[in-house]
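Every number in this text was worked out from the coordinates using simple rules, so none of it is lab data. All values reported here derive from a predicted model rather than from experimental measurement. Cβ placement follows ideal geometry from the backbone for every residue including glycine, while neighbour counts extend to all protein chains displayed.
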């Protein structure tokens, strides 16, 4: 591994040779340890208890290497930058090289280091390898998670049409959808989660920069507050309706539930996706001005929860088992509960967003819904079919963006790269 | 003061009478102490050393009451939600009542409490007084700072035309400006700064809700990372160009500099604005893709700083006094330095932003510039005149939004309200 160099300040050598060893940022030392520990095929995120504990205060690094990609079962930091890309090159080798370059950059950035030789090198006469705005910041539990959209497998593009997973369907049109093309789809996606939004934004920006001429951002979404948690002990966050709604999420340490509901198995196939998952992303606009004029009682009836405690109707505590028949047939909890959906569970990692104002003086705010699952045909699709038809919440929300991605397994080691199993 | 009520969970009384005493959120106890301490006319933000120290980790409250509004000289938390409002009512009394209602809500929210009787009351048959998404979150150093735009003083509106400060001019058109109407101007503004973006977003949303039918959001801007600091000991943050550029900002504890450059004095007038300030807000789009293809040497020449250390050209450390003649005549530091501007200084509180992607696949990112000053005619205007003509940075930036506000003095006590001096 290259030698690390602290920020000493003051004048510095302009020699390119000398600067090639002047790598890293302040604070990267700790992160390197994490990468070294995670850089073996035996370090699995989902079985790593420390990865699921809350390290927000320490700004620690989450191991990048493992059987599964980080950013799914790992703890959910509070900030998000999500980007969908169109692949603009037609050359398969260029795409493969991009994925290799992205993997190398992602391994460095999640460890708290700059891309390549960092923000200040390698030579003054060239643009620096890294854009620099995260220099000096902690790793901040940054995770970068890649996905492959259905369009990547189209015939005549990269020769992947035979490798398209059967479950990577086009999502059906649901009643009430008002999808904007400019906020939907994408050949690739990268989900960046971090405690510090500047770290998440920096990561997406630098991947976009590396992709110049090969892939371009199609749409992106910032999220400022998580609405679901994978750590069962943490306080459940509230969504923009003021409710706790991620209560019964799959825990990042519940290996059995993850195996049953999240990770693609050998039996599912295809082989290249084993250990991976499927991600559904939906931009859900909330009509918060209308909601805010609704009575507390009606709000609670709609969700099927007590607003203060998060407890299901008629129960005392948030985590009490709901009695579905006590709820209105149109209440959100009743319709979405696994007992009403043949036991189906999905792992949610959604974020609240506010993107300024629409043309009518209303906040453009809502939920950027992200959910991981083993098979979207036995996950999001049947649940959303039911919700779109019956959920009392529909009066207050509208789905305006939509995308589906196949999420490959983790990068096993330093020689591995995102998508190796798919392209080889 | 009303009795506080912890979150006990479980079933709760539906009696409206009983619930009227069920106020507050978890964690509000600490905050109330802060308000009580700050609730006297002698508690001045700018001379309060503890307010200027970094309390991010503890999530403490910043006193709302004082001679100056909080959010100017107080420490700069990392997240921003800024909103400009159009006043839609034509009734002066309604506007006054709105300002009183906003003041009461602001005092509660900055203390970590909900608006009115909170997110769960007062009675189930009505919409709750507060929207609830910040329930349970810490005060997070939330500050709310109000401003009055030039259009509020227009003849035939609220009878304020005689009270318009001479210095509340229309900003001139600067070379290179490409201002969008939908991101400029406003009758009122509220700047919400906080450690937790959900707390800042919640505050603007609830003020907008209180304003329904009287004032509507004209535009708003989220910021994810501060680019300037008022606490001299803190590490200077980096902007989206990867540079430390807020180095020589006015410190929140430098009473002399604040008196000279930030606070409106009796001599300046008008009387109602004494102890207040002027705020310039500029949305500055950064062409980061172009910048990222520029060599390190050129980047450093443009700023006049070492990118790694932030030191001025030829100097060793960030805080060393720059030798302006060693810099290119078009370098940013040289042009903006007080020595090149008759000693003019402004207090900057800008934030980096990223608002998704423009139609061309480029990140819509940049700097939301916020600067406070005693007189914009001897502050932002002459500095920007010079920068707009000469700054080498202009190749990489464009001002796309602009607004100017008069910032009234602080709310002195519980009986005082935002704008009392102006309207009485």
Expressed as a whole percent, how much of the Cα-Cα distance distribution for the protein assembly as shown exceeds 38 Å?
-> 41
Considering only the label points, 7 Å along Cα→Cβ from Cα, what distances in nm to one decimal separate residue A:267 from the same position in each other copy, shortest first?
-> 8.4
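Please give the peptides A:189-200, B:309-320, A:111-122 ranked by average Cβ packing (other Cβ atoms within 10 Å per residue), highest first, as a rough proxy for protection.
A:189-200, A:111-122, B:309-320
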With Cα atoms, 0 to 90° folded angle of helix B:28-38 axis to chain B main axis = 70
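Which value in deg cm²/dmol, rounded to the nearest 500, describes the helix-derived mean residue ellipticity at 222 nm for the protein assembly as shown, given -39,500 (n - 2.57) per DSSP H run of n ≥ 4 and division by the residue count?
Counting only the DSSP helices, I get -6000 deg cm²/dmol.
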So for segment A:342-417, what are the equivalent ellipsoid semi-axes in whole Å, largest first, each being the square root of 5 times an eigenvalue of the Cα gyration tensor?
-> 29, 21, 9
Tell me, what is the percent relative contact order of chain A, built from C-alpha pairs under 8 Å that lie six or more residues apart?
-> 22
Say a label goes 7 Å from Cα toward Cβ at residue B:385 in every copy; what distances in nm does this one have to the rest, shortest first?
-> 6.9
Using alpha carbon centers only, segment B:205-261 is separated from segment A:296-370 by a whole-angstrom value of 35
Please give the average number of partner chain Cβ atoms lying within 10 Å of the Cβ of each residue in A:346-355, rounded to a whole number.
-> 2
Averaged over B:191-201, how many beta carbons belonging to a partner chain fall within 10 Å of each residue's beta carbon?
-> 3
If you take the Cα Rg of segment B:111-200 and divide it by 2.2 N^0.38 Å, with N the number of residues, what do you get?
-> 1.54
Show me B:84-97, A:401-414 ranked by packing, highest mean number of other Cβ atoms within 10 Å first.
-> A:401-414, B:84-97
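Send over the Kirkwood Rh of segment B:282-364, from the inverse of the averaged 1/r over different Cα pairs, rounded to one decimal Å.
Final number for the Kirkwood radius of segment B:282-364 is 14.7 Å.
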Note the full-extension length gain between residue B:265 and residue B:161 as 0.36 nm times their separation in residues minus their Cα-Cα distance, in nm to one decimal.
-> 35.4 nm
Compute the long axis of helix B:197-210 from its Cα atoms, compare it with the longest principal axis of the Cα atoms of chain B, and write down the angle in degrees, 0 to 90, nearest 10.
-> 60
Fewest-first sequence of B:244, A:214 by Cβ atoms within 10 Å of each Cβ = A:214, B:244
Rounded to the nearest 0.05, FRET efficiency between residue A:90 and residue A:125 (Cβ-Cβ, R0 30 Å) equals 0.40
Counting other beta carbons within 10 Å of each Cβ, put A:253, A:236, B:227 in order, fewest first.
-> A:253, A:236, B:227
Length-normalised contact order for segment B:196-314 - Cα pairs under 8 Å, 6+ apart - percent = 15
Which of the peptides B:181-188, B:299-306 is most tightly packed, and how do the rest follow, judged by the mean count of other Cβ atoms within 10 Å per residue?
-> B:299-306, B:181-188
In peptide B:119-127, what is the residue-averaged number of other protein chain Cβ atoms found within 10 Å of each Cβ?
-> 5
Pairwise FRET efficiency - residue A:100 versus residue B:395, Cβ, R0 = 22 Å, nearest 0.05 = 0.10
Where does helix B:92-110 land angle-wise versus the long Cα axis of chain B, in degrees 0 to 90, nearest 10?
-> 90
Say we join alpha carbon atoms closer than 10 Å with springs in a Gaussian network model of chain A; which of A:126, A:265, A:277 then has the biggest fluctuation?
-> A:126
Give the order of B:266, B:307 when sorted by the count of other beta carbons within 10 angstrom, beginning with the fewest.
-> B:266, B:307
Two-site label geometry, residue B:178 and residue B:317: point separation in nm, points 7 Å out along Cα→Cβ = 4.2
Any idea what the residue B:398 label distances to the other copies are, label 7 Å down the Cα→Cβ vector, nm, shortest first?
-> 2.9
How big is the Rg/Rh ratio for segment A:221-351, C-alpha atoms only, Rh by Kirkwood, two decimals?
-> 1.00
Please list the radius of gyration and Dmax for chain A, considering alpha-carbon atoms only, with Å as the unit.
-> 21.8, 74
Against the rule of thumb 2.2 N^0.38 Å, how large the Cα Rg of segment B:274-424 comes out | 1.23
